[in-house]
Amino acid sequence: MEPKLEPKFEQPRMAINRVYTRQGDAGETSLAGGQRVPKDSRRIDAYGTVDELNCFVGLARNTAACDPKVAELEGILLRVQHELFNLGSILATLPQDVHTRQARITEAEIAKLEAEMDQMNTSLPALRSFVLPGSSRLNAELHVCRTVCRRAERIVTALAREEAAPDLAIQYLNRLSDAFFVWSRWASYQSGVPETLWEPNRAAGGGTLSE
């Protein structure tokens, strides 16, 4: 019998009884430590974009669940959604308010993404051009996840220049965006859908006239 692992992070302690509070009507919101900040501040933009990414990941997970050929991806994306919530939690907390068992991103999450990418890449053909999103619905949704993840990475990078940002946040988002690219290719491959490659001469002005 395997030993039972103790949870690393503290479980949420909250009760949402009423969604609206009117406390944000003046354009401010509260961080986890209670500090009031403008809703358009860099930190709010950072974890708000992570929240947006989580929604798109949920959409892709729902699509993956409908295709048995990519069933493996559904569980991976669900895990990523939990990781993104952990990232949002730590982004919403100033360094002085972080407690030891607060959810966060660790080296384990980054290593897991790298291992999954390496494993899935082994079955994929080498790319000879850039890929256009949209060879399938799931492919397109994963590319949306990739680009929103890149935006989150840019915002957290900007935050880190202005104030303390969580350790590993940028590294995780960088690796995750790469993972979305690999997953988009893998999903098309598993489903037997050809990838749509960039062909510069298929643009309106890309062809040459022949006599």
Candidates V193, V182 - the one that is out of contact with any Pro (no Cβ under 9 Å at 6 or more places or on another chain), β-branched (V, I, T) and within 30 Å of G48 (Cβ to Cβ): V182
Answer residue from segment 161-211, given it is more than 26 Å from Q96 (Cβ to Cβ) and among the basic types (K, R) and is most open to solvent (accessible area, probe 1.4 Å) among those: R202
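Looking at segment 80-94, is at least one residue part of a loop (DSSP other than H, G, I, E, B), modelled with pLDDT under 95 and polar (S, T, N, Q)? Steps first, answer last, please.
Of segment 80-94, the ones part of a loop (DSSP other than H, G, I, E, B) are 92-94.
Then keep just the ones that are modelled with pLDDT under 95; that gives 92-94.
Now drop any that are not polar (S, T, N, Q), which leaves 93.
Within segment 80-94 (the criterion being part of a loop (DSSP other than H, G, I, E, B), modelled with pLDDT under 95 and polar (S, T, N, Q)), the answer is yes, since at least one residue qualifies.
Please go through segment 69-108 and pick out each residue that is under 12 Å from the mean Cα position of the chain (by Cα) and open to solvent by 10 Å² or more (accessible area, probe 1.4 Å). Write out each step before concluding.
We begin by selecting, within segment 69-108, every residue under 12 Å from the mean Cα position of the chain (by Cα); these are 76-88.
If the condition is that a residue be under 12 Å from the mean Cα position of the chain (by Cα) and open to solvent by 10 Å² or more (accessible area, probe 1.4 Å), then I76, L78, R79, Q81, H82, E83, F85, N86, G88 are the ones that fit.
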Flag for S123 being open to solvent by less than 70 Å² (accessible area, probe 1.4 Å) and assigned to a loop (DSSP other than H, G, I, E, B): yes
Qualifying residue in segment 144-166 (condition: of a type outside the set (V, I, T), assigned to a loop (DSSP other than H, G, I, E, B) and in contact with a Ser or Thr (Cβ under 9 Å, 6 or more places away or on another chain)): yes
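Among the residues of segment 163-189, write down those that are among the aliphatic types (A, V, I, L, M) and either more than 25 Å from P95 (Cα to Cα) or touching a strand residue (DSSP E or B) at 6+ places or on another chain (Cβ under 9 Å) (or both).
Restricting attention to segment 163-189, the residues satisfying the condition of being among the aliphatic types (A, V, I, L, M) are 164-165, 168-170, 173, 176, 179, 182, 187.
Scanning segment 163-189 gives A179, V182, A187.
Given A187, A160, which one is free of Cβ contacts under 8 Å to residues at least 12 places away in the same chain and among the aliphatic types (A, V, I, L, M)? Lay out the reasoning, then the answer.
Working: A187 fails: free of Cβ contacts under 8 Å to residues at least 12 places away in the same chain.
Exactly one of A187, A160 is free of Cβ contacts under 8 Å to residues at least 12 places away in the same chain and among the aliphatic types (A, V, I, L, M), namely A160.
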Test: residue in segment 130-142 that is at positive phi, open to solvent by less than 60 Å² (accessible area, probe 1.4 Å) and modelled with pLDDT of 90 or more: yes
Pairs with Cβ under 7 Å, 6+ apart, first in segment 15-30 and closer than 19 Å to A92 by Cα and at pLDDT below 70, second part of a loop (DSSP other than H, G, I, E, B) and open to solvent by 100 Å² or more (accessible area, probe 1.4 Å): none
Any chance A187 is touching a Gly at 6+ places or on another chain (Cβ under 6 Å) and either in a helix (DSSP H, G or I) or within 18 Å of E116 (Cα to Cα) (or both): no
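The values are calculated or read from the model by the stated rules, or taken from the named source; none is laboratory data. Remember, predicted model here, so these are calculated numbers, not experimental data. In this analysis, Cβ positions are derived from the backbone assuming ideal geometry, glycine residues included, and neighbour counts consider all displayed protein chains. Side chains included, ligands, DNA and RNA excluded: accessible areas come from the protein's heavy atoms. Shrake-Rupley method; radii C 1.70, N 1.55, O 1.52, S 1.80 Å.
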